[in-house]
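S.K.: The structure's right below; bear with me while I get my questions together.
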Amino acid sequence: MEELEHTCPHPRTTLTEPAIFAKETSCDCRAPHERLTINQACKGTPVDRPVRVYADGIFDLFHSGHARALMQAKNLFPNTYLIVGVCSDELTHKYKGFTVMDESERYEALRHCRYVDEVVRDAPWTLSPDFLGKHKIDFVAHDDIPYSSAGSEDVYKHIKEAGMFVPTQRTEGISTSDLITRIVRDYDVYARRNLQRGYTAKELNVSYINEKKYRLQNQVDRMKEKVRTVEEKSKHFVYRVEEKSHDLIQKWEEKSREFIGNFLELFGPDGTWKQVFQERSGRMISYALSPRSSPCNSPPREHSPLRSPSPPSPSARWHSARPSPPASPKGASASISSMSEGDEDEK
(Lines give C-alpha, C1' and ligand atoms only; values in the text may rest on other atoms or scores of the structure.)
Protein backbone atom coordinates (compact mmCIF):
# COMPACT_ATOMS: atom_id res chain seq x y z
CA MET A 1 0.00 0.00 0.00
CA GLU A 2 1.39 3.39 -1.00
CA GLU A 3 2.20 5.66 1.87
CA LEU A 4 1.03 9.23 1.38
CA GLU A 5 3.22 12.06 2.56
CA HIS A 6 1.81 14.97 4.52
CA THR A 7 1.47 18.21 2.58
CA CYS A 8 0.09 20.23 5.47
CA PRO A 9 0.93 23.95 5.37
CA HIS A 10 3.79 24.90 7.64
CA PRO A 11 4.08 27.90 9.96
CA ARG A 12 5.14 31.17 8.43
CA THR A 13 8.87 31.75 8.41
CA THR A 14 8.66 35.39 7.30
CA LEU A 15 6.40 38.21 8.45
CA THR A 16 6.34 40.24 5.25
CA GLU A 17 2.75 39.26 4.41
CA PRO A 18 -0.42 38.85 6.49
CA ALA A 19 -1.79 35.44 7.43
CA ILE A 20 -3.92 33.58 4.91
CA PHE A 21 -7.67 33.04 5.07
CA ALA A 22 -8.81 29.46 5.45
CA LYS A 23 -10.63 27.88 2.49
CA GLU A 24 -13.54 25.52 2.64
CA THR A 25 -11.09 22.73 3.19
CA SER A 26 -8.35 24.13 5.36
CA CYS A 27 -5.85 21.33 4.72
CA ASP A 28 -5.82 19.58 1.32
CA CYS A 29 -3.32 16.99 2.51
CA ARG A 30 -4.26 13.51 1.16
CA ALA A 31 -2.55 11.70 4.01
CA PRO A 32 -4.87 10.61 6.81
CA HIS A 33 -4.87 12.94 9.77
CA GLU A 34 -4.12 11.16 12.99
CA ARG A 35 -4.85 13.30 16.01
CA LEU A 36 -1.85 13.70 18.29
CA THR A 37 -1.70 13.39 22.04
CA ILE A 38 -0.22 15.96 24.39
CA ASN A 39 2.87 13.82 24.93
CA GLN A 40 3.48 13.39 21.22
CA ALA A 41 3.07 17.10 20.56
CA CYS A 42 5.44 18.06 23.38
CA LYS A 43 8.11 15.66 22.07
CA GLY A 44 8.17 17.34 18.66
CA THR A 45 5.46 15.49 16.71
CA PRO A 46 6.09 13.78 13.38
CA VAL A 47 8.69 15.62 11.35
CA ASP A 48 6.50 15.84 8.26
CA ARG A 49 3.72 17.98 9.77
CA PRO A 50 3.20 20.61 12.50
CA VAL A 51 0.72 20.52 15.36
CA ARG A 52 -2.49 22.27 14.29
CA VAL A 53 -3.79 24.40 17.18
CA TYR A 54 -7.09 26.29 17.00
CA ALA A 55 -8.06 29.39 19.00
CA ASP A 56 -11.31 31.29 18.55
CA GLY A 57 -12.90 34.46 19.83
CA ILE A 58 -14.59 37.77 18.98
CA PHE A 59 -11.38 39.87 19.10
CA ASP A 60 -13.22 43.18 19.20
CA LEU A 61 -10.91 46.18 19.72
CA PHE A 62 -7.88 43.93 19.31
CA HIS A 63 -5.52 44.62 22.23
CA SER A 64 -2.48 43.23 24.03
CA GLY A 65 -4.56 40.69 25.97
CA HIS A 66 -5.66 39.09 22.69
CA ALA A 67 -2.12 39.12 21.32
CA ARG A 68 -0.70 37.57 24.47
CA ALA A 69 -3.25 34.72 24.41
CA LEU A 70 -2.35 33.98 20.77
CA MET A 71 1.34 34.10 21.63
CA GLN A 72 0.80 31.44 24.29
CA ALA A 73 -1.17 29.28 21.85
CA LYS A 74 1.60 29.62 19.24
CA ASN A 75 4.28 28.55 21.74
CA LEU A 76 2.46 25.57 23.21
CA PHE A 77 4.50 23.10 21.17
CA PRO A 78 7.83 23.17 19.33
CA ASN A 79 6.20 23.15 15.89
CA THR A 80 2.78 24.84 15.96
CA TYR A 81 0.51 25.95 13.13
CA LEU A 82 -1.94 28.40 14.70
CA ILE A 83 -5.45 28.69 13.23
CA VAL A 84 -7.66 31.48 14.61
CA GLY A 85 -11.42 31.47 14.22
CA VAL A 86 -13.30 34.79 14.31
CA CYS A 87 -17.08 34.82 14.79
CA SER A 88 -19.24 36.88 12.47
CA ASP A 89 -21.28 39.94 13.46
CA GLU A 90 -24.52 37.96 13.29
CA LEU A 91 -23.41 35.34 15.80
CA THR A 92 -21.70 37.87 18.06
CA HIS A 93 -24.71 40.20 18.23
CA LYS A 94 -26.93 37.22 18.92
CA TYR A 95 -24.96 35.59 21.74
CA LYS A 96 -22.77 38.32 23.18
CA GLY A 97 -23.78 41.82 22.10
CA PHE A 98 -22.99 44.69 19.82
CA THR A 99 -19.37 45.15 18.71
CA VAL A 100 -17.36 48.28 18.08
CA MET A 101 -15.55 46.82 15.05
CA ASP A 102 -17.39 44.97 12.31
CA GLU A 103 -16.38 41.48 11.24
CA SER A 104 -14.18 42.55 8.29
CA GLU A 105 -12.18 44.87 10.55
CA ARG A 106 -11.77 42.09 13.10
CA TYR A 107 -10.65 39.64 10.41
CA GLU A 108 -7.98 42.04 9.19
CA ALA A 109 -6.79 42.72 12.74
CA LEU A 110 -6.14 38.99 13.23
CA ARG A 111 -4.44 38.57 9.87
CA HIS A 112 -1.79 41.09 10.86
CA CYS A 113 -0.92 39.50 14.18
CA ARG A 114 2.54 37.93 14.00
CA TYR A 115 1.52 34.72 15.80
CA VAL A 116 -1.36 33.81 13.45
CA ASP A 117 -0.81 31.47 10.48
CA GLU A 118 -4.39 31.18 9.28
CA VAL A 119 -7.73 32.93 9.91
CA VAL A 120 -11.13 31.20 9.73
CA ARG A 121 -13.93 33.66 8.91
CA ASP A 122 -17.46 33.15 10.26
CA ALA A 123 -16.24 30.67 12.84
CA PRO A 124 -18.90 28.62 14.70
CA TRP A 125 -19.94 29.53 18.24
CA THR A 126 -19.69 25.91 19.37
CA LEU A 127 -17.06 23.63 17.89
CA SER A 128 -18.54 20.54 16.29
CA PRO A 129 -16.67 17.30 15.42
CA ASP A 130 -17.25 18.04 11.71
CA PHE A 131 -15.57 21.42 12.01
CA LEU A 132 -12.63 19.94 13.92
CA GLY A 133 -12.23 17.19 11.33
CA LYS A 134 -12.53 19.53 8.33
CA HIS A 135 -9.74 21.76 9.58
CA LYS A 136 -7.75 18.79 10.96
CA ILE A 137 -7.40 20.41 14.38
CA ASP A 138 -5.26 18.68 17.00
CA PHE A 139 -5.86 20.99 19.99
CA VAL A 140 -8.03 23.92 21.02
CA ALA A 141 -6.44 26.75 23.04
CA HIS A 142 -8.45 29.01 25.35
CA ASP A 143 -8.36 30.23 28.95
CA ASP A 144 -9.54 27.68 31.49
CA ILE A 145 -12.43 29.77 32.88
CA PRO A 146 -15.79 28.12 32.01
CA TYR A 147 -17.41 30.05 29.16
CA SER A 148 -21.18 29.91 29.62
CA SER A 149 -23.14 30.83 26.49
CA ALA A 150 -25.87 29.56 24.13
CA GLY A 151 -27.57 27.62 26.92
CA SER A 152 -24.38 25.81 27.94
CA GLU A 153 -22.45 26.16 31.16
CA ASP A 154 -19.18 25.75 29.25
CA VAL A 155 -19.00 25.67 25.45
CA TYR A 156 -15.58 23.96 25.67
CA LYS A 157 -16.75 21.16 27.94
CA HIS A 158 -16.80 18.47 25.23
CA ILE A 159 -13.37 19.61 24.00
CA LYS A 160 -11.95 19.19 27.49
CA GLU A 161 -13.50 15.76 27.81
CA ALA A 162 -11.95 14.68 24.50
CA GLY A 163 -8.46 15.65 25.74
CA MET A 164 -8.05 18.30 23.04
CA PHE A 165 -8.15 21.37 25.29
CA VAL A 166 -4.96 23.31 26.12
CA PRO A 167 -5.34 26.23 28.58
CA THR A 168 -3.85 29.69 28.22
CA GLN A 169 -3.60 32.49 30.78
CA ARG A 170 -5.70 35.64 30.70
CA THR A 171 -4.04 39.05 30.94
CA GLU A 172 -5.40 40.91 33.94
CA GLY A 173 -6.27 44.59 33.64
CA ILE A 174 -7.10 44.63 29.93
CA SER A 175 -10.18 43.44 28.04
CA THR A 176 -12.61 44.68 25.43
CA SER A 177 -15.23 45.30 28.11
CA ASP A 178 -12.75 47.41 30.08
CA LEU A 179 -11.98 49.54 27.04
CA ILE A 180 -15.66 50.11 26.30
CA THR A 181 -16.23 51.01 29.96
CA ARG A 182 -13.52 53.66 29.72
CA ILE A 183 -15.13 55.17 26.64
CA VAL A 184 -18.58 55.25 28.22
CA ARG A 185 -17.22 56.71 31.45
CA ASP A 186 -15.32 59.48 29.64
CA TYR A 187 -17.91 59.97 26.92
CA ASP A 188 -17.94 63.78 27.20
CA VAL A 189 -14.16 63.95 26.84
CA TYR A 190 -14.10 61.84 23.68
CA ALA A 191 -17.11 63.65 22.20
CA ARG A 192 -15.42 67.02 22.75
CA ARG A 193 -12.17 65.69 21.30
CA ASN A 194 -13.84 64.44 18.11
CA LEU A 195 -15.83 67.66 17.71
CA GLN A 196 -12.55 69.54 17.94
CA ARG A 197 -11.04 67.25 15.30
CA GLY A 198 -13.76 68.02 12.77
CA TYR A 199 -16.48 65.43 13.35
CA THR A 200 -20.03 66.72 13.16
CA ALA A 201 -22.62 66.45 15.90
CA LYS A 202 -24.69 64.20 13.64
CA GLU A 203 -21.79 61.76 13.22
CA LEU A 204 -21.33 61.67 16.99
CA ASN A 205 -25.10 61.45 17.67
CA VAL A 206 -24.87 64.56 19.86
CA SER A 207 -27.80 66.92 20.36
CA TYR A 208 -27.64 70.62 19.47
CA ILE A 209 -27.48 71.73 23.11
CA ASN A 210 -24.73 69.25 23.97
CA GLU A 211 -22.79 70.28 20.89
CA LYS A 212 -22.81 73.94 22.02
CA LYS A 213 -21.88 72.90 25.53
CA TYR A 214 -18.97 70.79 24.31
CA ARG A 215 -17.70 73.54 22.01
CA LEU A 216 -17.88 76.07 24.85
CA GLN A 217 -15.96 73.68 27.08
CA ASN A 218 -13.35 73.27 24.34
CA GLN A 219 -12.93 77.04 24.15
CA VAL A 220 -12.58 77.26 27.91
CA ASP A 221 -9.97 74.50 27.83
CA ARG A 222 -8.05 76.30 25.10
CA MET A 223 -8.07 79.50 27.13
CA LYS A 224 -6.85 77.59 30.17
CA GLU A 225 -4.11 76.05 28.08
CA LYS A 226 -3.05 79.48 26.82
CA VAL A 227 -2.99 80.86 30.35
CA ARG A 228 -0.99 77.86 31.49
CA THR A 229 1.41 78.33 28.60
CA VAL A 230 1.84 82.03 29.44
CA GLU A 231 2.44 81.17 33.08
CA GLU A 232 5.05 78.61 32.15
CA LYS A 233 6.76 81.06 29.81
CA SER A 234 6.69 83.82 32.44
CA LYS A 235 8.12 81.45 35.04
CA HIS A 236 10.84 80.48 32.62
CA PHE A 237 11.54 84.16 31.84
CA VAL A 238 11.71 85.08 35.53
CA TYR A 239 14.01 82.16 36.16
CA ARG A 240 16.28 83.27 33.31
CA VAL A 241 16.30 86.85 34.59
CA GLU A 242 17.15 85.68 38.10
CA GLU A 243 19.87 83.46 36.74
CA LYS A 244 21.34 86.28 34.64
CA SER A 245 21.13 88.77 37.54
CA HIS A 246 22.85 86.28 39.81
CA ASP A 247 25.62 85.87 37.25
CA LEU A 248 25.97 89.65 36.86
CA ILE A 249 26.11 90.19 40.62
CA GLN A 250 28.69 87.46 40.95
CA LYS A 251 30.79 88.95 38.15
CA TRP A 252 30.44 92.44 39.68
CA GLU A 253 31.58 91.13 43.05
CA GLU A 254 34.57 89.47 41.44
CA LYS A 255 35.48 92.66 39.56
CA SER A 256 35.02 94.80 42.69
CA ARG A 257 37.24 92.48 44.73
CA GLU A 258 39.83 92.61 41.97
CA PHE A 259 39.66 96.43 41.85
CA ILE A 260 39.97 96.76 45.63
CA GLY A 261 42.88 94.35 45.65
CA ASN A 262 44.68 96.29 42.92
CA PHE A 263 44.00 99.61 44.73
CA LEU A 264 45.38 98.29 48.03
CA GLU A 265 48.36 96.83 46.27
CA LEU A 266 49.09 100.24 44.74
CA PHE A 267 48.05 102.70 47.49
CA GLY A 268 48.02 100.56 50.62
CA PRO A 269 50.35 100.91 53.64
CA ASP A 270 52.91 98.73 51.97
CA GLY A 271 51.87 99.51 48.44
CA THR A 272 53.93 100.19 45.38
CA TRP A 273 53.14 103.91 45.32
CA LYS A 274 54.54 104.43 48.85
CA GLN A 275 57.75 102.70 47.91
CA VAL A 276 58.10 104.85 44.78
CA PHE A 277 57.38 108.02 46.80
CA GLN A 278 59.94 107.09 49.45
CA GLU A 279 62.59 106.38 46.84
CA ARG A 280 61.99 109.70 45.11
CA SER A 281 61.98 111.63 48.43
CA GLY A 282 65.27 110.02 49.45
CA ARG A 283 66.87 110.93 46.16
CA MET A 284 65.69 114.56 46.45
CA ILE A 285 67.00 114.92 50.03
CA SER A 286 70.36 113.41 49.14
CA TYR A 287 70.66 115.76 46.15
CA ALA A 288 69.87 118.77 48.35
CA LEU A 289 72.48 117.78 50.93
CA SER A 290 75.27 117.02 48.42
CA PRO A 291 74.81 118.93 45.15
CA ARG A 292 76.67 117.95 42.09
CA SER A 293 80.20 119.42 41.53
CA SER A 294 81.21 121.40 38.45
CA PRO A 295 82.29 119.38 35.52
CA CYS A 296 86.01 118.77 35.45
CA ASN A 297 86.41 118.20 31.77
CA SER A 298 86.81 121.94 30.89
CA PRO A 299 90.34 123.21 31.85
CA PRO A 300 90.62 126.52 33.74
CA ARG A 301 91.62 129.61 31.80
CA GLU A 302 95.07 130.90 32.86
CA HIS A 303 97.06 133.85 31.39
CA SER A 304 100.57 132.84 30.51
CA PRO A 305 103.21 135.55 31.38
CA LEU A 306 105.32 134.66 28.42
CA ARG A 307 102.58 135.29 25.94
CA SER A 308 101.00 138.72 25.48
CA PRO A 309 97.51 139.06 24.33
CA SER A 310 96.87 140.13 20.80
CA PRO A 311 96.17 143.86 20.32
CA PRO A 312 92.55 144.66 19.78
CA SER A 313 91.30 145.91 16.50
CA PRO A 314 90.64 149.64 15.96
CA SER A 315 86.87 149.10 15.91
CA ALA A 316 87.01 147.18 19.12
CA ARG A 317 89.15 149.94 20.66
CA TRP A 318 86.70 152.55 19.54
CA HIS A 319 83.75 150.59 20.98
CA SER A 320 85.55 150.05 24.24
CA ALA A 321 86.64 153.66 24.48
CA ARG A 322 83.21 154.95 23.71
CA PRO A 323 81.25 155.06 26.86
CA SER A 324 77.76 153.56 26.84
CA PRO A 325 75.01 156.04 27.42
CA PRO A 326 73.59 155.96 30.89
CA ALA A 327 70.20 154.38 31.25
CA SER A 328 69.05 156.91 33.83
CA PRO A 329 70.29 160.11 35.59
CA LYS A 330 71.41 158.02 38.52
CA GLY A 331 73.37 155.85 36.22
CA ALA A 332 74.95 158.91 34.60
CA SER A 333 76.10 160.34 37.90
CA ALA A 334 77.45 156.93 38.87
CA SER A 335 79.44 156.75 35.70
CA ILE A 336 80.84 160.28 36.18
CA SER A 337 81.92 159.48 39.69
CA SER A 338 83.62 156.33 38.54
CA MET A 339 85.49 158.26 35.86
CA SER A 340 86.71 160.84 38.37
CA GLU A 341 87.92 158.10 40.66
CA GLY A 342 89.80 156.57 37.81
CA ASP A 343 91.50 159.86 37.05
CA GLU A 344 92.58 160.16 40.62
CA ASP A 345 94.07 156.70 40.52
CA GLU A 346 96.03 157.59 37.44
CA LYS A 347 97.41 160.70 39.15
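S.K.: What do you reckon, how do 244, 202, 23 stack up by accessible area (1.4 Å probe), largest on top?
M.R.: From most exposed to least exposed: 202, 23, 244.
S.K.: Enter the Cα centre distance for the pair segment 36-70 and segment 170-231, rounded to the nearest angstrom.
M.R.: A separation of 40 Å, based on Cα centres.
S.K.: Using R₀ = 30 Å, calculate the FRET efficiency as 1/(1 + (r/R₀)^6) where r is the Cβ-Cβ separation of residue 39 and residue 126; round to 0.05.
M.R.: With R0 = 30 Å, the Cβ-Cβ based efficiency is 0.60.
S.K.: Let me ask you something else. Between residue 278 and residue 147, what is the spin-label point distance in nm, taking each point 7 Å from the Cα along the Cα→C-beta axis?
M.R.: In this crude spin-label approximation the distance works out to 10.7 nm.
S.K.: Using a 1.4 Å probe and counting only protein heavy atoms, arrange 62, 77, 263 so the residue with the most accessible area comes first.
M.R.: Highest to lowest solvent-accessible surface, that is 263, 62, 77.
S.K.: Related question: R0 = 45 Å: FRET efficiency of residue 210 with residue 15, Cβ-based, nearest 0.05?
M.R.: That gives a FRET efficiency of 0.50.
S.K.: What is the gain in length, in nm to one decimal, between residue 243 and residue 217 on full extension, counting 0.36 nm per residue of separation less the C-alpha to C-alpha distance?
M.R.: 5.5 nm
S.K.: Okay, moving on. Under a crude label model (7 Å from the Cα following the beta-carbon direction), how far is residue 23 from residue 263 in nanometres?
M.R.: 10.2
S.K.: With every protein chain left in place, what is the accessible area of residue 245 in Å² (1.4 Å probe, nearest 10)?
M.R.: 50
S.K.: Once neighbouring chains are kept in place and the probe is 1.4 Å, which whole percent of the accessible area of segment 195-242 is contributed by carbon and sulfur?
M.R.: Within segment 195-242, the accessible surface is 56 percent carbon and sulfur.
S.K.: Can you give me the long-range amide H partners of residue 168? Hydrogens built in the peptide plane at 1.01 Å from N, cutoff under 5 Å, separation of 5 or more residues or another chain.
M.R.: Under 5 Å from the amide H of residue 168 lie the amide H atoms of 142, 143, 144, each far enough along the sequence or on another chain.
S.K.: Looking only at segment 39-55, which residues have a backbone nitrogen under 17 Å from a spot 7 Å from the Cα of residue 6 in the C-beta direction?
M.R.: 39-54
S.K.: Tell me the label-point distance for the pair residue 235, residue 48, using the 7 Å Cα-to-Cβ offset, in nm and rounded to one decimal.
M.R.: It works out to 7.3 nm between the two label points.
S.K.: Now a separate question. Here is the link list: 74/157; 94/213; 134/160. Which ones come out longer than 25 Å on Cα distance?
M.R.: Listed pairs above 25 Å: 94/213.
S.K.: Rounded to the nearest 0.05, what FRET efficiency do residue 157 and residue 98 have when you use their Cβ-Cβ distance and R0 = 41 Å?
M.R.: The calculated FRET efficiency here is 0.90.
The values are calculated or read from the model by the stated rules, or taken from the named source; none is laboratory data. Not measured: the values here are computed from a predicted model. Backbone-built Cβ (ideal geometry, glycine too); neighbour counts: all protein chains shown. The accessibility values were calculated without ligands, DNA or RNA, using every heavy atom of the protein model including side chains. Shrake-Rupley method; radii C 1.70, N 1.55, O 1.52, S 1.80 Å.
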